[in-house]
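S.K.: Dropping the structure in here first, questions after.
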Amino acid sequence: MEQSSITDKTVCIVGLGYIGYPLAEAFSNHIPTLGFDIDKQKIQKLANIPTNVRVTSDPTLISTADFVMICVPTLLTKDNEPDLSYIRAAAAIVGKQMKKGAVIILESTVYPGVTEDILRPILEKESGYTCGSDFKIGYSPERINPGDDVHILSKTTKIIAGMDKETTDDMAALYSLITTVYLAKDSRTAEAARVVENIQRDVNIALINELSYIFNKLGINTKDVLEAAETKWNFHRYTPGIVGGHCIPTVPYFLAYTAKKSGYMPNMILAGRATNDHMTRFITDIIISNLKARGKNPARAEIVILGLTYKENVADTRDNPVVELIKNLKEHDITVYGYDPLLSPKQISQLGVVPLDTFERTVDCFILAVPHAQFLNGVNGKLWRIAKSDILFIDIKGTFYKDPKIRKLFDYRTL
Ligand SMILES: NC(=O)c1ccc[n+]([C@@H]2O[C@H](COP(=O)([O-])OP(=O)(O)OC[C@H]3O[C@@H](n4cnc5c(N)ncnc54)[C@H](O)[C@@H]3O)[C@@H](O)[C@H]2O)c1
């Protein structure tokens, strides 16, 4: 399909969350764009935003679209297996409504095979159409990184894979309106490439986290070691820390699930997960041993956690390892306060900590868990003004590792 004829088409984004809505906005600058979500309250809010996206909770409008992108959540069950219930439900809605000739594209992160083996049969069953002749399918994983102003949609190559050459070409013409594209061999390859992105990060972070456990036992500072090691030309930079979010801690289990089904036990991938999940315990142990070393009973200790979202500069508290850290600290009867400029006091209390809106209080320990931009200047210096050299300052990501002032103001530790 030529670019000129592509812009005569209509796209519909199904699922207007962190991923779907920015995608809809990007398309809406070039092509008629509909946004469908089952959450009526969200639709009401989005309807007030002045954009070209026409938002709706009426599924019948999906029938007006030539391309439908499904951007719904993919979660894990409590046994760490993929929970595809949102995809199944969205596929059922799309299957019932889609018009003949439409191209249905899955954008959600999935393990290899979901587009062909799960999406396709649901669409066929619900529509009564035959895939290949009456409609086409494809996969194009989303790579948006919420809170990142550099790697934005328009500057990030998008992998696309249609079920045949014609579909891939049409998808290429469509997605080229908003970014550069890479044509993968098929949807299984594109699905596999997507999970590799997160698995590679998870396993590499796990290695550095394991090194930090070892160096901590040996009384060596991991940051000092890494700084020395990175002078080697082929060194890969990763820092120790807690791993949260909707992708990195989840996606390795997607591939582990299919690997196990195929008869292979992915020991390394699973070991990476276990190592990273252990980090909140490791941090708790560091705090407890430091408090005890200075004669402080942890049950009388007061700690403030700075930054309570799953990552910096994002007001999202889902899939959040800080919650695990809070739980671990409270098991030692420590009084835990929380401060986060991106969250309301109500949101902070819901995480199980006492919300703080001021730094007037001197506590035993600050944990800089998530270094939002506001923390880089100590929240306009307020934090620095109450500093004391006997206050433990645990800087999980080593944000101030190179800042001699902060290291002098507090009893400063990194992992
Ligand atoms: N958030 C990220 O950082 C990120 C990054 C890359 C990829 N992804 C992947 O993108 C996908 C979407 O993630 P997200 O973070 O945007 O999720 P989200 O929870 O922010 O949004 C999902 C939206 O889908 C809607 N929805 C659920 N079921 C629906 C249905 N049947 N029909 C219509 N709408 C429905 C929900 O109401 C919600 O608005 C997931 O597979 C995720 O793994 C997420």
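S.K.: For residue 235 paired with residue 315, estimate the spin-label separation in nm (one decimal), with each label point 7 Å from Cα along the Cα-to-Cβ line.
M.R.: Simple spin-label model gives 3.9 nm for this pair.
S.K.: Please name which of 271, 206, 253 has its Cα lying farthest along the dipole of the range 201-284 towards the positive end, using unit charges on Cβ (Lys, Arg +1; Asp, Glu -1) and the Cα centre as origin.
M.R.: 253
S.K.: Same structure again: Using the beta-carbon distance between residue 185 and residue 299 and R0 = 51 Å, what value does 1/(1 + (r/R0)^6) give for FRET efficiency, to the nearest 0.05?
M.R.: Step by step, r from the Cβ atoms, then E = 0.30.
S.K.: Treating the angle as unsigned and between 0 and 90°, give the value, to the nearest 10°, between the Cα long axis of helix 165-175 and the longest Cα principal axis of the chain.
M.R.: 60 degrees
S.K.: Quick check: the angle from helix 279-293's long axis to the longest principal axis of the chain, C-alpha only, nearest 10 degrees?
M.R.: 10 degrees
S.K.: Taking the simple approach of a point 7 Å from Cα along Cα-to-Cβ for both residue 384 and residue 166, what is their distance in nm?
M.R.: Going from the residue 384 label point to the residue 166 one covers 6.5 nm.
S.K.: Which pairs in the list 136/261; 125/260; 78/327; 296/405; 96/136 are over 21 Å apart, alpha-carbon to alpha-carbon?
M.R.: Cα-Cα > 21 Å for 136/261; 125/260; 296/405; rest within.
S.K.: Okay, moving on. Specify the residue with the greatest mean-square fluctuation among 398, 381, 338, computed from a Gaussian network of the chain linking alpha-carbon atoms under 10 Å apart.
M.R.: So, out of 398, 381, 338, the one fluctuating most is 381.
S.K.: In addition: So which aspartates and glutamates pass the test for residue 408, namely a Cα distance under 19 Å, with those fewer than 8 places away in the same chain ruled out?
M.R.: Qualifying aspartates and glutamates at Cα under 19 Å: 224, 364, 390, 395.
S.K.: Still on this structure, please answer the following. What length, rounded to one decimal in nm, is gained on full extension from residue 281 through to residue 41, with 0.36 nm per residue of separation minus their alpha-carbon distance?
M.R.: 82.6 nm
S.K.: At 1.4 Å probe size, with every protein chain present, just tell me what the per residue accessible area of the range 344-396 comes to in Å².
M.R.: Spelled out: the 1.4 Å probe surface of the range 344-396, per residue, equals 45 Å².
S.K.: While we're looking at this one, here's another question. Only helical DSSP H runs with n ≥ 4 go in: add -39500 (n - 2.57) per run for the chain, normalise by residue count and round the 222 nm mean residue ellipticity to 500 deg cm²/dmol.
M.R.: It lands at -11500 deg cm²/dmol.
S.K.: Give me a comma-separated list of calculated 3J(HN,Hα) values for the range 100-114, in order, Karplus coefficients 6.51, -1.76, 1.60 applied at θ = phi - 60°, integers in Hz, x for any Gly or Pro.
M.R.: Residue by residue, the range 100-114 yields 4, x, 6, 10, 9, 10, 8, 10, 4, 6, 9, 7, x, x, 5 Hz.
S.K.: If you don't mind, there's one more thing I want to ask. Rounded to whole Hz and in sequence order, give me ³J(HN,Hα) for the range 364-380 from the Karplus expression 6.51 cos²θ - 1.76 cosθ + 1.60, θ = phi - 60°, writing x for Gly and Pro.
M.R.: Residue by residue, the range 364-380 yields 7, 8, 10, 10, 7, 7, 10, x, 4, 3, 4, 7, 5, 10, x, 6, 6 Hz.
S.K.: Any idea what angle helix 321-331 forms with the longest principal axis of the chain, computed on alpha-carbon atoms, 0 to 90 degrees, nearest 10?
M.R.: That works out to roughly 40 degrees.
S.K.: Give a residue-ordered list of calculated ³J(HN,Hα) values for the range 246-258 (Karplus: 6.51 cos²θ - 1.76 cosθ + 1.60, θ = phi - 60°; whole Hz; x for Gly, Pro).
M.R.: Running phi through 6.51 cos²θ - 1.76 cosθ + 1.60 with θ = phi - 60° gives 8, 10, 4, x, 9, 4, x, 5, 4, 6, 4, 4, 5 Hz.
S.K.: In addition: For the range 3-189, which whole-number percentage of the solvent-accessible area (1.4 Å probe, protein heavy atoms only) is attributable to carbon and sulfur atoms?
M.R.: 50 percent
S.K.: Residue farthest toward the positive end of the dipole of the chain, with Cβ of Lys/Arg at +1 and Asp/Glu at -1: which of 391, 375, 216?
M.R.: Result: 391.
S.K.: If amide H atoms are built 1.01 Å from N in the plane of the peptide, which residues on other chains or at least 5 residues away come under 5 Å of the amide H of residue 55?
M.R.: 35
S.K.: At 7 Å along the Cα-to-beta-carbon direction for both residue 261 and residue 207, put a label point, then send me their distance in nm to one decimal.
M.R.: That separation, rounded to one decimal, is 2.9 nm.
S.K.: Given H placed 1.01 Å from N in the peptide plane, which residues other than close sequence neighbours of residue 391 have an amide H under 5 Å from its amide H?
M.R.: Sorted by chain and number, the residues that satisfy this are 411.
S.K.: Separate question: Rolling a 1.4 Å sphere over the protein heavy atoms, what is the accessible area per residue of the range 179-238, to the nearest Å²?
M.R.: Counting only protein heavy atoms, the per-residue value for the range 179-238 is 61 Å².
S.K.: Roughly how much of residue 57 is accessible, in Å² to the nearest 10, using a 1.4 Å probe?
M.R.: 40 Å²
S.K.: Quick check: residue separation of residue 177 and residue 92 times 0.36 nm, minus the Cα distance between them. What number comes out in nm?
M.R.: 27.8 nm
S.K.: Using modelled amide H (1.01 Å from N, peptide plane; none on Pro or chain starts), what sits under 5 Å from the amide H of residue 159, excluding residues fewer than 5 places away?
M.R.: Amide H to amide H, under 5 Å and 5 or more residues apart or across chains, residue 159 pairs with 182.
The values are calculated or read from the model by the stated rules, or taken from the named source; none is laboratory data. These numbers were taken from a predicted model, which means no experiment stands behind them. Positions of Cβ are backbone-derived with ideal geometry, glycine not excepted, and every protein chain shown enters the neighbour counts. Accessible surface areas use protein heavy atoms only, side chains included; no ligands, DNA or RNA. Shrake-Rupley method; radii C 1.70, N 1.55, O 1.52, S 1.80 Å.
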